[in-house]
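Participant: Have a look at this one.
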């Protein structure tokens, strides 16, 4: 389709395309009665082209040399390549470049090859996979663990298998990750969100709905990926004394970041959490997902979780990297001390400058801007000043909660933090954010 000549496309009025939040394009089309998917796609593409011309298109930015605390970043918005301090990467302990982790992955390729070729159910697991499942279960305080190819598929697969059909009811924190929400929808169960980190609202919904269902599943994250806030896990666990439900906790952003390995362990609630999940792409610097639980629930997921049954397994080299990363975390506790020291420093400095960083305490540090036009323009200016991070806009968050997200990892230096703070203060004043 020629987007300049399409009659339907010409009907679409997307105001201020260069600064429009691209997630609103389909809404613009629907409001104008345009539902043809090809026309909607052309509308998206037109906004992309306008944003690229003005330097604010950011969906295709990439690093030249892979994940690191700094390096060359190539902009997809005609801004060229810049040496940047890199802030969107979830490798909290920077183990993706640790020599022991890299060597373990290379050695595993020589021994096991480059891939599994099939799913776990069809024989895709190796002895490394079984060792990882046992060790992860121990770290997570459970009898058994089941490996999935990614963290996303672990949530989708586990939740859709555990709460199938109309006899089940799911309550989830409204700020849960998309993988959780997709798993909820795929389950076929009835579901409702509860207010973010609000145990009272969860209790009200349990009182109103739980008695009507045979099975109730409550799903939360231990640390929320867009705010860095810890969940009110003790309060939620306390509700289990009043209501009969299963509790599923996603530890993606806390696993390996405490001396007790998980936030559930640190808070002493693991025994009352039925499913402890984590992704293996963050602190353990690899790929994969895992759910730790009882032997019976593991068997159920082995049989009913399509994401386990029909996906090729994690490559052996990535499993070796996970195991080596766990070794490093155990043997080098100074990494945790260093990371948390930098987290406190950067959070304190940003608040001191006057930025709104929310209520979080983790290495995920949001900087709220609350205006999409300002977010896009300030993000462009940050890149031009050598600061590369994620602009979080609708539909990922509400229009009034758009933000930048800085993810601090142990390899960030204090000089890099200070440089970033200087740029943020300058631009924050320029754009009226502080």
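Participant: Just to be sure before I move on: is residue 163 crowded, with 22+ Cβ neighbours inside 10 Å, at pLDDT 95 or above and farther than 20 Å from residue 252 by Cα in the structure I sent? I'd like the intermediate steps shown before the answer.
Facilitator: Working: crowded, with 22+ Cβ neighbours inside 10 Å: yes; at pLDDT 95 or above: yes; farther than 20 Å from residue 252 by Cα: yes.
Yes, satisfied.
Participant: Okay, next question. If a residue must be surrounded by fewer than 17 Cβ atoms within 10 Å (Cβ to Cβ) and not in a loop (DSSP other than H, G, I, E, B), how many such residues does the stretch 25-43 contain?
Facilitator: 6
Participant: Next up: Which numbered condition trips up residue 146, out of (1) surrounded by fewer than 22 Cβ atoms within 10 Å (Cβ to Cβ); (2) farther than 30 Å from residue 390 by Cβ; (3) within 23 Å of the chain's Cα centre (by Cα)?
Facilitator: Going through the list (1) surrounded by fewer than 22 Cβ atoms within 10 Å (Cβ to Cβ); (2) farther than 30 Å from residue 390 by Cβ; (3) within 23 Å of the chain's Cα centre (by Cα), residue 146 breaks only (1).
Participant: Sticking with this structure for a sec: Does any residue of the stretch 227-237 turn out to be surrounded by fewer than 22 Cβ atoms within 10 Å (Cβ to Cβ), over 18 Å from the mean Cα position of the chain (by Cα) and not in a helix (DSSP H, G or I)?
Facilitator: The answer is yes, given that some residue of the stretch 227-237 is surrounded by fewer than 22 Cβ atoms within 10 Å (Cβ to Cβ), over 18 Å from the mean Cα position of the chain (by Cα) and not in a helix (DSSP H, G or I).
Participant: Based on this model, can you work out whether residue 93 counts as outside any strand (DSSP E or B), in contact (Cβ under 8 Å) with a residue 40 or more places away in the chain and under 20 Å from the mean Cα position of the chain (by Cα)?
Facilitator: Values: outside any strand (DSSP E or B): yes; in contact (Cβ under 8 Å) with a residue 40 or more places away in the chain: yes; under 20 Å from the mean Cα position of the chain (by Cα): yes.
Taking the combined requirement at face value, the residue satisfies it.
Participant: Name, by its number, the condition in (1) under 22 Å from residue 231 (Cβ atoms); (2) part of a helix (DSSP H, G or I) that does not hold for residue 171.
Facilitator: Unmet for residue 171, out of (1) under 22 Å from residue 231 (Cβ atoms); (2) part of a helix (DSSP H, G or I): (2).
Participant: Something else now. Any chance the stretch 416-423 includes a residue that's within 28 Å of residue 280 (Cα to Cα), touching a strand residue (DSSP E or B) at 6+ places or on another chain (Cβ under 7 Å), free of Cβ contacts under 8 Å to residues at least 40 places away in the same chain and not assigned by TED's automatic domain parsing to the domain that holds residue 134?
Facilitator: no
Participant: Can residue 46 be described as surrounded by 15 or more Cβ atoms within 10 Å (Cβ to Cβ), modelled with pLDDT under 95, part of a loop (DSSP other than H, G, I, E, B) and outside the structural domain of residue 304 (by TED's automatic domain parsing)? So that I can check it myself, show each step before the final result.
Facilitator: Details: surrounded by 15 or more Cβ atoms within 10 Å (Cβ to Cβ): yes; modelled with pLDDT under 95: yes; part of a loop (DSSP other than H, G, I, E, B): no; outside the structural domain of residue 304 (by TED's automatic domain parsing): yes.
When the stated conditions are applied, residue 46 does not pass them.
Participant: If I ask for residues that are surrounded by fewer than 18 Cβ atoms within 10 Å (Cβ to Cβ) and either in a strand (DSSP E or B) or in contact with a helix residue (DSSP H, G or I) (Cβ under 9 Å, 6 or more places away or on another chain) (or both), which ones from the stretch 204-224 would you list?
Facilitator: Correct list: 215 only.
The values are calculated or read from the model by the stated rules, or taken from the named source; none is laboratory data. Quick caveat: nothing in here was measured; it's all calculated off a predicted structure. We place every Cβ from the backbone using ideal geometry, glycine too, and count neighbours over all the protein chains shown.
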